[in-house]
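Notes for the one structure printed next.
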Amino acid sequence: MKLGEILSGVALKEPLSPELAGVEIHGLEYDSRKVKEGFLFFAFPGSHADGRQFARDAQARGAVAIASESAAPEDAEGRWIQVEHGRHALALAARNFYCRPDERLILAGITGTNGKTTTSYLIDSVLRAAGHTTALIGTIEYHLAGRVLPAVNTTPESLDLLRLFTELEKQGGTHVTMEVSSHALALGRVYGLQFHTAVFTNLTRDHLDFHHTMEAYFTAKKMLFEGAGAPPPRAAVLNRDDEAIRGMKLPGGTEVYSYGLGPDAGLRALHISSGFDGLRFQVEWGNLRFGVASPLIGRINVYNILAACGTALSYGIPAETIAQGIAGLRAVPGRFERVDEGQPFVVVVDYAHTDDALRNAIAVARGLNPKRVITLFGCGGDRDRTKRPLMGQAAAEASDFVILTSDNPRSEDPLAIMNDVLVGLRRVDVPHIAEPDRAVAIARALQEAREGDIVILAGKGHEAYQVLKDKTIAFDDRAVAKEVLRGFGYRKTAKP
């Protein structure tokens, strides 16, 4: 494809010369290590390095031109194209190069602080129940027409997304369900993509290390519903019970599916029954009413199921197929996931890493009527420090016993992080201990548990690693808990 065709619609500082516009391009890349002969390399500023530093490497590997929002360095050689916005340029160029697969596929994007992953898994389960070949893109992993791929980011760069879309089309796929993070929206990773349906789950404090203010955080979320370089989504599925949607102004023509438990919601859950075996309730949407049953536990999953139902209804999927898909999702990795070795108390692993998510996880446990709730958690390093005391207070107020430990400390001192958390935790008179070694802390939590208790191992969920200052180590809360329980003599026996 010609360079001029690839950069069609991209805002350039200066028009391309006819000679440059006619250059043949064989591929696009933003990672210089992956550049091949005849590629166009995109060099844009990152959080740790300026992509211009890698331009020479890209050229040495065969890049025929460099595109960047920054001016060419004085010592730059070869063709340098300055664009108005680097990631917007990459997104539009990738759409052109791959012939706009997002216009042929049906995309659903889910944004919000909590619930994105579970909602996306539910939507994908419904789509597969309807017989569709799908892609699922999010925090845990990527699913592509039945294949499982490792997740690099919750929302990949636009070029990687377009490659996934193209591969899905080759496999006969039709639908993409993806978590769309506030980072991705703010940085332009989904710029220009055409979404059929956009879902908003909720808004609570998170990622202020990146956005700085809640207003900026919400502004990023709203971009998904405004179009972000493309026409607005045809349908918006909104949590009516979340106060943030009062600030959501939708473009005219968008079909709205407002869901919730209150009387103002158009899509509601009625007659909710919740227990260890999951959820049962009636879904009401206008004159339509149908029952759903799910193995997922807790009130928060009522919201996630309703969001999935709203998305499915926006696609015109029949009620019986929606119910089949909801029932078919047995669990989501690291989301209130049980660790069962036959012990007389319940152990769950959950990804909760904000104060609101922690309260929700503990509320789910409370709804199961345990004798006590024992909560283990920590806070990540190099992230929003202001949420640390809030998480400490949330755990203390809602739990019977708290174990504070390390999460992913990254470059920070784990003890310094824990001291920040203790400021909030000690506002409440709750029994607690602080243990920086997460494996030891998990053992302490399980040792403390008695029959009828629920132990929540919060913060890392599906993650199978721990990020330390100088290295990343293998660490999975589920595996550690299993090992500890077996060390205590528990063994899960198969049912006859």
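The values are calculated or read from the model by the stated rules, or taken from the named source; none is laboratory data. Since the model is a prediction, treat every value here as computed from it, not as a measurement. Here Cβ is always computed from backbone atoms with ideal geometry, including for glycine, and neighbour counts include all displayed protein chains. Just so you know, the surface numbers come from the protein's heavy atoms only, side chains and all, with ligands and any DNA or RNA stripped out. Shrake-Rupley method; radii C 1.70, N 1.55, O 1.52, S 1.80 Å.
For the range 67-82, check the following and say yes or no: at least one residue is surrounded by fewer than 23 Cβ atoms within 10 Å (Cβ to Cβ), part of a strand (DSSP E or B) and not hydrophobic (A, V, I, L, M, F, W, C). Within the range 67-82, one or more residues are surrounded by fewer than 23 Cβ atoms within 10 Å (Cβ to Cβ), part of a strand (DSSP E or B) and not hydrophobic (A, V, I, L, M, F, W, C). Here the helices (runs of 4 or more DSSP H) wholly within the range 132-234 that include at least 3 residues being touching a residue at least 12 places away in the same chain (Cβ under 8 Å) and closer than 24 Å to residue 325 by Cβ are 158-170.
Within the group 135, 145, 91, which residue is in contact with a Phe, Trp or Tyr (Cβ under 6 Å, 6 or more places away or on another chain) and more than 20 Å from residue 351 (Cα to Cα)?
After ruling out the rest, the residue left standing is 91.
Restricting attention to the range 7-28, does a residue exist that is crowded, with 16+ Cβ neighbours inside 10 Å and in a strand (DSSP E or B)? Yes, that holds for at least one residue.
Residue by residue, here is whether (1) farther than 10 Å from residue 178 by Cβ; (2) in contact with a Gly (Cβ under 6 Å, 6 or more places away or on another chain); (3) modelled with pLDDT of 95 or more holds:
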{"site": "107", "(1), (2), (3)": "no, no, yes"}
{"site": "115", "(1), (2), (3)": "yes, no, no"}
{"site": "127", "(1), (2), (3)": "yes, no, yes"}
{"site": "133", "(1), (2), (3)": "yes, yes, yes"}
{"site": "143", "(1), (2), (3)": "yes, no, yes"}
{"site": "148", "(1), (2), (3)": "yes, no, yes"}
{"site": "158", "(1), (2), (3)": "yes, no, yes"}
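Against the conditions (1) under 26 Å from the mean Cα position of the chain (by Cα); (2) open to solvent by 50 Å² or more (accessible area, probe 1.4 Å), residue 437 satisfies every one except (1).
Do we have residue 381 as touching a strand residue (DSSP E or B) at 6+ places or on another chain (Cβ under 9 Å), surrounded by fewer than 22 Cβ atoms within 10 Å (Cβ to Cβ), under 29 Å from residue 471 (Cβ atoms) and of a type in the set (Gly, Ala, Ser) here? Considered against the rule, which asks whether it is touching a strand residue (DSSP E or B) at 6+ places or on another chain (Cβ under 9 Å), surrounded by fewer than 22 Cβ atoms within 10 Å (Cβ to Cβ), under 29 Å from residue 471 (Cβ atoms) and of a type in the set (Gly, Ala, Ser), residue 381 comes out as yes.
Might you let me know whether the range 187-194 holds any residue that is under 23 Å from residue 128 (Cβ atoms) and either in contact with a Lys or Arg (Cβ under 8 Å, 6 or more places away or on another chain) or open to solvent by 50 Å² or more (accessible area, probe 1.4 Å) (or both)? Looking through the range 187-194, at least one residue is under 23 Å from residue 128 (Cβ atoms) and either in contact with a Lys or Arg (Cβ under 8 Å, 6 or more places away or on another chain) or open to solvent by 50 Å² or more (accessible area, probe 1.4 Å) (or both). Pairing each residue of the range 98-115 that is in a loop (DSSP other than H, G, I, E, B) with any residue that is open to solvent by less than 20 Å² (accessible area, probe 1.4 Å) and among the charged types (D, E, K, R), provided the two are 6+ apart or on different chains, yields C-beta distances under 9 Å for 112/221; 113/206; 113/221; 114/206. Has the range 394-403 got any residue that is buried (at least 24 other Cβ atoms within 10 Å of the Cβ), under 22 Å from residue 482 (Cβ atoms) and touching a residue at least 12 places away in the same chain (Cβ under 8 Å)? Yes, the range 394-403 contains a residue that is buried (at least 24 other Cβ atoms within 10 Å of the Cβ), under 22 Å from residue 482 (Cβ atoms) and touching a residue at least 12 places away in the same chain (Cβ under 8 Å).
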